[in-house]
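I have placed the structure first, in the form of structure tokens, so that the comments after it can refer back to it.
The values are calculated or read from the model by the stated rules, or taken from the named source; none is laboratory data. This structure is a prediction, so every number in the text was calculated from the model and none was measured. All Cβ positions, glycine included, derive from the backbone under ideal geometry; neighbour counts span all protein chains shown.
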Amino acid sequence: MKATIVLIADNDAENYGRKLMPETNRHGKMGFEIARLPQHVSLKQPFAIPCLENMEVFFDGFAKELCPFDIEFVDMDIFPSKCIRWS
């Protein structure tokens, strides 16, 4: 089985990102898959894990130790959709 580590955006950032998608597509014709993934920052490419349960237990404990923090973007990747095209 494979897992990926990401930071999921809060509700305000999620809503803002989704609000920008249609306008961005009109300008760049990228064809975003709107609801496929939540707004996130990838920290790790997919990697093999022996047991998802162990990973969940670890992150449940780790998450209790964390406080919210801000991320300042200096660069961003946008990937074209393979499914949905908007006019």
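Considered as a group, the residues in region 47-80 that are charged (D, E, K, R) and exposed (fewer than 10 other Cβ atoms within 10 Å of the Cβ) include one that is nearest to Ala9 (Cα to Cα), and that residue is Asp70.
Selection within region 24-46: residues that are surrounded by 10 or more Cβ atoms within 10 Å (Cβ to Cβ) and part of a helix (DSSP H, G or I). The member of this set that is modelled with the lowest pLDDT is Gly28. Residue pairs whose Cβ atoms lie under 6 Å apart, separated by 6 or more positions or on different chains, with the first residue in region 48-69 and under 10 Å from Met1 (Cβ atoms) and the second among the small types (Gly, Ala, Ser), are Ile49/Ala3; Met55/Ala3.
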